[in-house]
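Remarks on the structure that follows.
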Amino acid sequence: SRHYVDRLFDPDPQKVLQGVIDMKNAVIGNNKQKANLIVLGAVPRLLYLLQQETSSTELKTECAVVLGSLAMGTENNVKSLLDCHIIPALLQGLLSPDLKFIEACLRCLRTIFTSPVTPEELLYTDATVIPHLMALLSRSRYTQEYICQIFSHCCKNLDSETLAFAFVRMQALKCFSVLAFENPQVSMTLVNVLVDGELLPQIFVKMLQRDKPIEMQLTSAKCLTYMCRAGAIRTDDNCIVLKTLPCLVRMCSKERLLEERVEGAETLAYLIEPDVELQRIASITDHLIAMLADYFKYPSSVSAITDIKRLDHDLKHAHELRQAAFKLYASLGANDEDIRKKIIETENMMDRIVTGLSESSVKVRLAAVRCLHSLSRSVQQLRTSFQDHAVWKPLMKVLQNAPDEILVVASSMLCNLLLEFSPSKEPILESGAVELLCGLTQSENPALRVNGIWALMNMAFQAEQKIKADILRSLSTEQLFRLLSDSDLNVLMKTLGLLRNLLSTRPHIDKIMSTHGKQIMQAVTLILEGEHNIEVKEQTLCILANIADGTTAKDLIMTNDDILQKIKYYMGHSHVKLQLAAMFCISNLIWNEEEGSQERQDKLRDMGIVDILHKLSQSPDSNLCDNLLYA
């Protein structure tokens with residue numbers, strides 16, 4: 001141990017650095033070594049090196065790491081570190097511009113402050129510490145984690161004066177909102193923080209009151225929204241339903257400034273996005289749906305804005321209002337049919353969305369597409385409003401040349417417009433959609449590949465032979481089989497769905513199998529032999545069942561002993577779904593009323609398949625028995 005300490009005094013800075021690194025490796029998990037080094041006076045020297053301006057950042061960082069390791073030993077170790085005034089030295093280190101060094105200092109501070117022997121008030125001896133920690137919150141995931149742990153431990157018994165100083169400040173509030181955003185771990189910690197005997201969420205609720213500054217109301221609402229979305233507060237909690245949601249709706253009124261209306265609508269859209277009950281409550285609060293229509297008329301010629309500078313600013317930023325309105329409409333209409341109807345019936349709504357699709361601002365275009373996508377989940381609207389406004393035309397234009405983030409949503413919406421009951425399906429097909437969608441299946445972005453193949457699958461459902469032939473020709477068999485070996489499970493499942501839809505109705509099955517039979521049988525074999533989940537294998541067996549329903553196509557199965565053996569194997573599989581799918585194949589092969597059925601039955605009997613059918617007839621599973629009767 002003495003050797004390690006001596007090296008800290010070497011005149012060569014490089015040797016000192018190496019000595020600290022070796023010390024770090026020696027103390028990890030070794031409490032005896034930690035105690036020895038403390039007794040031999042390593043701590044004052046490490047703190048000296050950590051604070052020296054001439055020390056390199058790397059040396060300072062390594063010193064902080066070793067000190068953190070020593071603090072992880074016994075409570076006596078922590079007491080020794082406190083006696084050497086480690087906390088002021090580490091807090092001083094937080095002023096460094098180097099993030100790695102800051103993280104090492106915070107990690108050590110976290111270990112010291114979470115020790116029961118450390119007095120909590122040491123965090124508050126310098127009035128600048130809390131604001132500085134707040135400012136560091138958003139620097140990295142680690143700074144968030146360590147500072148949050150320090151706060152949650154030291155803020156249990158803050159007095160009112162410290163509360164006013166540390167938490168009510170807007171800077172603190174903003175940092176909390178940054179901290180909680182999409183961070184379940186931090187949100188769960190914050191929700192349990194006690195300040196002067198009150199939980200942090202209760203303090204945020206007090207800040208939502210109408211007599212508080214607007215910026216405070218808005219930022220508190222954001223904190224509660226982010227904690228709710230991160231799972232730390234329930235969506236049916238009164239602080240969300242009765243406080244946060246109404247506050248955000250208030251922010252959308254035309255009395256508020258443009259930026260407040262934007263932030264209010266966007267935060268509300270984020271809050272209600274996954275929850276149908278919150279969507280319903282928001283839709284009937286303060287006539288919100290009608291209130292949002294004003295976002296498209298701002299600033300109007302009769303606007304009450306007398307300040308020329310403000311008017312100039314608002315004219316430049318009016319597109320942000322439209323973007324926010326589209327986002328909130330998209331969230332409101334995500335699930336409920338009645339809400340979608342109300343949105344579409346709002347004055348000129350469909351025209352506004354269609355106009356939004358061709359705006360110069362990418363953000364407005366994206367929000368308009370998202371809004372349209374949300375509304376396109378309604379069967380009723382697809383048949384009426386979407387057709388009346390020929391929405392498919394501007395959508396196809398958007399798909400021609402757009403950034404990926406817009407393409408993903410627009411192509412997802414196209415999937416809905418290509419469902420068999422949608423009147424837009426025909427004109428979309430005529431406008432060259434097949435080539436466009438086949439192009440998407442070659443994208444490097446998995447979401448675009450999924451949407452491209454999904455739209456083709458919808459297009460092929462109960463389609464004429466010509467459309468199916470167009471799809472196969474544009475996609476090419478090479479690309480089809482490339483998609484069948486795609487690493488993304490969604491792409492594979494949708495490609496199998498496309499194949500299944502292509503291979504439906506007898507003349508189509510026979511036609512496609514006469515030209516692509518060999519490759520399709522090859523692909524089916526590979527999937528049934530591969531390491532795939534139950535759903536993938538079930539879809540593949542259903543494709544075989546469709547092939548078995550063809551008149552001439554079924555010969556491709558009957559002359560392929562390998563495939564027949566696989567069907568036999570899946571009839572005896574432990575999973576009922578796969579047994580059922582395999583039985584459909586057999587059922588279609590032995591159907592009595594078809595030519596050659598006797599020879600097929602004889603061959604399958606010789607293979608022992610009839611014996612398996614008899615065995616399955618004794619199965620306790622009613623599903624299997626019912627289908628055996630059918631077979």
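The values are calculated or read from the model by the stated rules, or taken from the named source; none is laboratory data. On a predicted model such as this, the values are computed, not experimentally measured, just so you know. For neighbour counting, all protein chains shown are included, and Cβ atoms are generated from backbone atoms with ideal geometry for every residue, glycine included. Quick note on the areas: whole protein, heavy atoms, side chains included, nothing else; ligands and nucleic acids left out. Shrake-Rupley method; radii C 1.70, N 1.55, O 1.52, S 1.80 Å.
Table for the structure above
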quantity	calculated
Boolean, Thr114 is among the polar types (S, T, N, Q), at pLDDT 95 or above and under 21 Å from Ile150 (Cβ atoms)	no
Only one of Asp611, Asp562, Asp549 that is more than 49 Å from the chain's Cα centre (by Cα), in the same structural domain as Ile512 (by the TED database) and not hydroxyl-bearing (Ser, Thr, Tyr)	Asp611
Tally of residues being modelled with pLDDT of 90 or more and over 19 Å from Asn451 (Cβ atoms) across the stretch 363-390	2
The listed residue being surrounded by fewer than 21 Cβ atoms within 10 Å (Cβ to Cβ), at pLDDT below 90, among the acidic types (Asp, Glu) and closer than 26 Å to Ala334 by Cα, out of Glu405, Glu420, Glu430	Glu420
Qualifying residue in the stretch 329-346 (condition: modelled with pLDDT under 90 and either closer than 23 Å to Ile272 by Cα or over 29 Å from the mean Cα position of the chain (by Cα) (or both))	no
Filter result for Leu90 (hydrophobic (A, V, I, L, M, F, W, C), under 41 Å from the mean Cα position of the chain (by Cα), within 21 Å of Arg139 (Cα to Cα) and in a loop (DSSP other than H, G, I, E, B))	no
Selection from the stretch 34-52 of residues that are within 19 Å of Asp10 (Cβ to Cβ), surrounded by fewer than 21 Cβ atoms within 10 Å (Cβ to Cβ) and either without any contact (Cβ under 8 Å) to a residue 40 or more places away in the chain or of a type in the set (Phe, Trp, Tyr) (or both)	Leu40, Gly41, Tyr48, Gln52
Filter result for Gln519 (more than 24 Å from Glu478 (Cα to Cα) and over 35 Å from the mean Cα position of the chain (by Cα))	no
Within the stretch 66-100, tally of residues that are surrounded by fewer than 22 Cβ atoms within 10 Å (Cβ to Cβ) and hydrophobic (A, V, I, L, M, F, W, C)	9
Any hit, the stretch 321-341, residues being open to solvent by 20 Å² or more (accessible area, probe 1.4 Å), part of a helix (DSSP H, G or I) and of a type in the set (A, V, I, L, M)	no
Glu599 modelled with pLDDT under 75, open to solvent by 90 Å² or more (accessible area, probe 1.4 Å) and not β-branched (Val, Ile, Thr)	no
Qualifying helices (runs of 4 or more DSSP H) (wholly inside the stretch 346-461; at least 1 residues being farther than 25 Å from Asp486 by Cβ)	349-356, 362-375, 379-383, 385-388, 392-400, 425-430
Filter pass, Ile467 being touching a helix residue (DSSP H, G or I) at 6+ places or on another chain (Cβ under 8 Å), assigned to a helix (DSSP H, G or I) and surrounded by fewer than 20 Cβ atoms within 10 Å (Cβ to Cβ)	yes
Residues satisfying the stated conditions in the stretch 486-511, i.e. polar (S, T, N, Q), open to solvent by 40 Å² or more (accessible area, probe 1.4 Å) and part of a helix (DSSP H, G or I)	Asn490
In the stretch 239-266, the residues that are open to solvent by less than 40 Å² (accessible area, probe 1.4 Å), of a type in the set (A, V, I, L, M, F, W, C) and part of a helix (DSSP H, G or I)	Cys239, Ile240, Val241, Leu245, Cys247, Leu248, Val249, Leu258, Val262, Ala265
Test: residue in the stretch 446-455 that is within 28 Å of the chain's Cα centre (by Cα), polar (S, T, N, Q) and either closer than 26 Å to Lys511 by Cα or surrounded by 22 or more Cβ atoms within 10 Å (Cβ to Cβ) (or both)	yes
